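Q: Below: one structure in structure tokens.
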């Protein structure tokens, strides 16, 4: 049955216009939403702890209209942006230095690898003691989360640049900085971009941790607030906001660097 | 004049890649270096283009010692080694970064025109065939107007047709400014088509075993009798360099040791 049906499905998918193909991925979540809505409406489920889509949408639109969602989202985005910028700057700099200089690598890398083994959330009490309970400790926690994937990405990317390509730079008598700028960085760029995206993902993860542990605004605050006043719809609304912002920021990053990576000749580089 | 004087190279793992190699190459001369694997021919090119330092001996270009990559010495590797993030034009002009844009653009288009790839200027290297990529590598080296161009088995990864094509093309390009060419190859035909002299090397440690004069008027006919004679002489020297028992033309069997002494 399925065996004979599959080619038909494949053909049906292939005959869809290009822009419509991602829509296939929507079928499962939409079906689930409709089913849950129907279950609550017909009284099969009471929907108090798991609110139906209509309630979530209403909560979401209330939050948007009152400007609450915008205010909280802005606070969260600001924290992620600051932490991400800080983590990327530190990770890139230290990664490049340790990759390029053997002595620096022997000196710094073991310490950083040891620090990496600590779950970053474990720093929170210390950061609160050091940097207070306001923005600084949150931004620094996010920066720590972003730092490690970026650092490892840069280090690994530069170390794995093909020796043969580096020799081309040497034959053309490039100076140290020119070698970094004209050979090492472009060659390392694809891996670097991946590490930036991994870092951004961790940034969003750590902003939730930071905000759950104490904040008066931010999407993480909406989560905790929804739990305390017993409004699961608000929690789900905040989760949806996180999902949208996370996906949006990742897509912007990916699209932003795409023109720099058009040369890539790899499986999956051209789709 | 490119001079190698008793050059030796021992790697840090104790391998003696080269020992006592002396060679003089006149300006504009084409010298081919052939030999079995591990005879140090690639090591010799790495020393000449400054990627490695000799353990002993000296390398001189026009009387000055070479101690690193040199502006007047270019190299084409076995693989094209194009930078994948630069277009073909960007790769060809890679060494001209310090020149004004106008001059760079004009020299790049002239160089691409010369290798017959002017329509490929905006293309990424991944879109080139093997032969085209190696032409771009040639253009990238020649645009610097080197006095000495080193070629490390430049056409060995190409199919037979493309290889013959590029050998002729290389001679054509060489005629423009007549740089000194030092071609490392394991293709005996290639060495005879290209070179005025063929140096046969011998391994463990790498050293020059025989020198065969292959000067003939160009272009050379790969089917001519003179070509065949030269080819047989190079092949015989290669056999002796590898201590193989050789049968000479009179059918006389000689031991390799005897042959080596005779040389």
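Where a number appears in this text, it was derived from the coordinates with a stated rule and is not lab data. Quick caveat, the model's predicted, so the values are computed rather than measured. All Cβ positions, glycine included, derive from the backbone under ideal geometry; neighbour counts span all protein chains shown.
Q: Quick check on chain A: take the gyration tensor over C-alpha atoms, sort the square-rooted eigenvalues as a ≥ b ≥ c, and tell me if it's rounded (a/c under 1.5), prolate or oblate.
A: Oblate, since a/c reaches 1.5 and b/c is not below a/b.
Q: If you don't mind, another one. Taking a ≥ b ≥ c as the square roots of the Cα gyration tensor eigenvalues, with a/c under 1.5 meaning rounded and otherwise prolate when a/b beats b/c, else oblate, which class fits the protein assembly as shown?
A: Prolate is the answer for the protein assembly as shown, as a/c is 1.5 or above and a/b outweighs b/c.
Q: In addition: To the nearest Å, what is the center-to-center distance of region B:2-28 and region A:125-155, using C-alpha atoms only?
A: Computed from Cα coordinates, the inter-centre distance equals 55 Å.
Q: How well do other chains shield peptide B:61-73, expressed as the mean number of their Cβ atoms within 10 Å of each residue Cβ?
A: 1
Q: Further, regarding this structure: Measure nothing fancy, just the Cα-based angle from helix B:130-142's long axis to the longest principal axis of chain B, in degrees from 0 to 90, nearest 10.
A: On a 0 to 90 degree scale, this one is about 80.
Q: Across peptide A:168-176, what mean number of C-beta atoms from other chains lies inside 10 Å of a residue's C-beta?
A: Across the residues of A:168-176, the mean count of other-chain Cβ atoms within 10 Å is 6.
Q: If we count other beta carbons within 10 Å of each Cβ, what is the order of B:118, B:39, B:49, A:82, fewest first?
A: The most exposed by this proxy come first: B:118, A:82, B:49, B:39.
Q: Next up: To make sure I understand, if each residue's beta carbon is the centre and we count other beta carbons within 10 Å, what order do A:133, A:235 fall in, fewest to most?
A: Ascending number of Cβ neighbours within 10 Å: A:133, A:235.
Q: How would you rank B:109, A:195, B:224, B:37, going from fewest to most other Cβ atoms within 10 Å of each one's own Cβ?
A: Ascending Cβ contact count within 10 Å gives the list B:37, B:224, B:109, A:195.
Q: Can you pull the mean other chain C-beta count within 10 Å for peptide A:183-194?
A: 1
Q: Would you mind telling me which residue in B:205, B:27, B:100 has the biggest mean-square fluctuation in a Gaussian network model of chain B, where springs connect alpha carbons within a distance under 10 angstrom?
A: Answer for the Gaussian network model of chain B: B:100.
Q: Let me ask something additional. Where in region A:48-82 does the label zone of residue A:31 land, with the point 7 angstrom along Cα→C-beta and an amide N cut-off under 19 Å?
A: Zone members listed by number: A:53.
Q: So what does log10 I(q)/I(0) come out to for region B:99-184 at q = 0.13 Å⁻¹, using the Debye formula with one equal point on every Cα and no solvent?
A: Those come out to -0.42, one per q.
Q: For region B:2-262, max minus min Cα coordinate along each principal axis, in Å, sorted largest first?
A: Extents along the principal axes, in whole Å: 64, 43, 31.
Q: Another question about this same structure. With Rg and the Kirkwood Rh both taken from Cα atoms, where does Rg over Rh land for region B:26-119?
A: 1.02
Q: Here's a follow-up. Using just the helices of chain A, give the 222 nm mean residue ellipticity in deg cm²/dmol: DSSP H runs with n ≥ 4 each add -39,500 (n - 2.57), and the total is spread over all residues, rounded to 500.
A: The helix contribution divided over chain A gives -24500 deg cm²/dmol.
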